[in-house]
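Just below is one structure, and these are the notes that go with it.
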Amino acid sequence: MIDEWDAEWDRTPHTASEYKAEIRELRERIVWYVSRIETLESEVRELRRMDSRWVQEP
């Protein structure tokens with residue numbers, strides 16, 4: 001979803017240094033997102049592991 005800020009940025013010309021800064025920011029965000037996903041997946045695995053102990057038959 002593109003908001004007005006992004007649409008405006010896309011409409012205007014930029015210098016090479018502005019594009020480099022934008023790319024650097026996007027890469028940093030990707031690294032953060034991947035890290036967050038890995039953390040959440042780890043939490044889900046742990047919750048499933050804990051839940052499976054309660055479901056097991058004696």
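Can you say whether Ser17 is modelled with pLDDT of 95 or more and over 20 Å from the mean Cα position of the chain (by Cα), as far as the supplied structure shows? Walk me through it before giving the result.
Numbers: modelled with pLDDT of 95 or more: yes; over 20 Å from the mean Cα position of the chain (by Cα): yes.
Here the answer is yes, as Ser17 does meet what is asked.
Mind checking whether some residue in segment 40-58 is part of a helix (DSSP H, G or I), at pLDDT 95 or above and either among the basic types (Lys, Arg) or touching a Phe, Trp or Tyr at 6+ places or on another chain (Cβ under 9 Å) (or both)?
Checked against the condition, which is being part of a helix (DSSP H, G or I), at pLDDT 95 or above and either among the basic types (Lys, Arg) or touching a Phe, Trp or Tyr at 6+ places or on another chain (Cβ under 9 Å) (or both), segment 40-58 yields no hits at all.
The values are calculated or read from the model by the stated rules, or taken from the named source; none is laboratory data. Just so it is clear, the structure is predicted and the values come from calculations on it, not from any experiment. Note that each Cβ is placed from the backbone with ideal geometry, even for glycine, and that neighbours are counted across all protein chains shown.
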